[in-house]
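The values are calculated or read from the model by the stated rules, or taken from the named source; none is laboratory data. Here the structure is a predicted model, which means the values were calculated and not measured. As a convention, Cβ positions derive from the backbone with ideal geometry for all residues, glycine included, and neighbour counts pool all protein chains shown.
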């Protein structure tokens with residue numbers, strides 16, 4: 001389960017590139033998160049250059 | 001929009017636009033699609049481009065796309081006691097404005113005959129017998145579907161199109177650097193790219209200052225994906241601890257991922273080609289991807305047009321692109337990857353010691369891939385590095 005802070009996100013797509021399940025999709029100015037596809041690996045939160053993703057196990 | 005094309009290119013960055021132009025010039029019909037309403041934005045790049053690429057790629061850069069001209073680079077040791085400067089005709093380059101540059105390339109593709117659609121987001125790849133043969137997209141409130149003989153995925157670091165088509169191009173934390181950059185004003189700079197090596201300031205990556213004018217610069221940091229913290233922590237620290245930035249104002253924030261490991265194991269599949277950062281075609285040392293993307297895009301587009309027109313778009317025929325790329329480009333990248341892997345093993349003391357004895361001539365040799373004389377010189381002063389550095393000879 002992740003939470004994306006849109007006030008920090010610069011929609012660079014780094015999280016999308018590392019998501020192994022395509023649970024994150026870059027829309028033009030935000031990231032769309034599909035909780036059903038997410039496997040809770042936390043990779044996106046680690047990757048985010050802006051620290052905009054909070055990962056909760 | 002028609003419903004059928006010889007080739008569809010997804011992603012109108014430098015690689016995609018180059019590919020689309022090459023397809024059009026090859027006489028095939030091509031659709032170039034991009035998610036964004038404004039090409040080049042948001043910028044996620046240091047924006048540096050070596051001037052030798054202009055000739056190699058047959059590229060014309062309009063004066064408007066050039067923010068600053070660069071004469072060379074300066075590399076700093078971790079303790080900042082040594083700076084090695086390298087300035088020669090081959091180190092000349094530009095810091096460009098991606099917003100202008102990318103659009104110019106798309107304009108070029110459009111002029112060559114490509115159909116261009118912006119604000120069009122591909123949400124799925126259409127397949128027939130498991131092979132990609134088109135895309136589904138949202139565009140201006142409509143759902144569209146277009147078919148093609150060859151699909152070129154040039155959608156950058158997210159690389160979702162190749163994955164939707166069935167190719168695993170997911171970036172791993174191990175093989176990827178994550179970067180954030182502030183464009184800042186009130187930063188004095190020369191016409192030099194500044195690179196700072198330090199495990200403390202940028203573990204497994206580096207800090208950079210790319211001048212965009214006399215007092216404007218892209219100041220950024222990239223760190224290895226498995227390192228502690230996030231890139232922004234390191235950038236904030238670098239700026240805070242450096243008096244040079246005391247009056248600096250941030251006028252833009254940019255960021256992204258940089259695949260700095262090996263290129264994808266496969267660049268083509270039946271009906272599919274992958275180019276640029278989407279294919280992890282990135283320089284493993286400096287992380288630059290624009291020029292490599294344009295180069296690969298041109299190669300892929302030419303082959304795609306020919307194959308589509310002949311109706312032979314299986315993997316074996318599209319492989320021509322991969323064959324050319326692996327022969328012409330990959331060996332250089334793999335050699336630089338070897339250097340990267342060695343640099344990753346060095347600590348700051350090693351770097352400081354190496355910098356003590358390093359001059360611009362050595363740096364030139366490293367850039368050219370002539371590692372042996374530099375390694376020998378370093379080993380005389382630091383024999384304990386024999387095991388690590390032997391990978392370079």
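A few remarks follow.
- Residues of segment B:126-140 that turn out to be part of a strand (DSSP E or B), free of Cβ contacts under 8 Å to residues at least 60 places away in the same chain and out of contact with any strand residue (DSSP E or B) (no Cβ under 6 Å at 6 or more places or on another chain), as a count: 2
- Verdict on residue B:240 being closer than 23 Å to residue A:7 by Cβ, more than 20 Å from the chain's Cα centre (by Cα), at pLDDT 95 or above and surrounded by fewer than 16 Cβ atoms within 10 Å (Cβ to Cβ): yes
- Number of residues in segment B:37-52 that are within 10 Å of another protein chain (Cβ to nearest Cβ), under 29 Å from residue B:133 (Cα atoms) and buried (at least 19 other Cβ atoms within 10 Å of the Cβ): the value is 0.
- Out of B:199, B:214, one residue alone is in contact with a helix residue (DSSP H, G or I) (Cβ under 7 Å, 6 or more places away or on another chain) and surrounded by fewer than 24 Cβ atoms within 10 Å (Cβ to Cβ). It is B:199.
- Check on residue B:149, closer than 24 Å to residue B:16 by Cα, more than 13 Å from every other protein chain (Cβ to nearest Cβ) and not in a helix (DSSP H, G or I): yes
- Residues that are in contact with a helix residue (DSSP H, G or I) (Cβ under 8 Å, 6 or more places away or on another chain), free of Cβ contacts under 8 Å to residues at least 12 places away in the same chain, in the same structural domain as residue B:268 (by TED's automatic domain parsing) and part of a helix (DSSP H, G or I) occur at least once in segment B:299-315.
- In summary, residue B:143 fulfils each of the numbered conditions (1) outside any loop (DSSP other than H, G, I, E, B); (2) more than 9 Å from chain A (Cβ to nearest Cβ); (3) crowded, with 21+ Cβ neighbours inside 10 Å with the single exception of condition (3).
- Residue B:282, sole failed condition from (1) closer than 27 Å to residue B:300 by Cα; (2) away from every other protein chain (no Cβ under 14 Å); (3) without any contact (Cβ under 8 Å) to a residue 60 or more places away in the chain; (4) crowded, with 21+ Cβ neighbours inside 10 Å: (2)
- Selection status of residue B:220, within 13 Å of chain A (Cβ to nearest Cβ), surrounded by fewer than 23 Cβ atoms within 10 Å (Cβ to Cβ) and in contact (Cβ under 8 Å) with a residue 60 or more places away in the chain: no
- Selection from segment B:94-125 of residues that are part of a loop (DSSP other than H, G, I, E, B) and either away from every other protein chain (no Cβ under 14 Å) or at pLDDT below 95 (or both): B:97, B:112, B:113, B:114
- Annotation: residue B:222 fulfils all but one of (1) assigned to a strand (DSSP E or B); (2) more than 17 Å from the chain's Cα centre (by Cα); (3) on the phi < 0 side of the Ramachandran plot; the unmet one is (2).
- Considering only residues in segment A:7-30 that are more than 7 Å from chain B (Cβ to nearest Cβ) and buried (at least 23 other Cβ atoms within 10 Å of the Cβ), the one that is nearest to residue B:125 (Cα to Cα) turns out to be A:24.
- Of all residues in segment B:152-167, those being out of contact with any helix residue (DSSP H, G or I) (no Cβ under 8 Å at 6 or more places or on another chain) and more than 7 Å from every other protein chain (Cβ to nearest Cβ) number 4.
- Scanning segment B:236-265 for residues that are part of a helix (DSSP H, G or I) and under 22 Å from residue B:42 (Cβ atoms) yields B:236, B:238, B:239.
- Only one entry of B:9, B:61, B:43, B:23 meets the criterion of being part of a strand (DSSP E or B) and either assigned by TED's automatic domain parsing to the domain that holds residue B:218 or within 30 Å of residue B:268 (Cβ to Cβ) (or both), and that entry is B:9.
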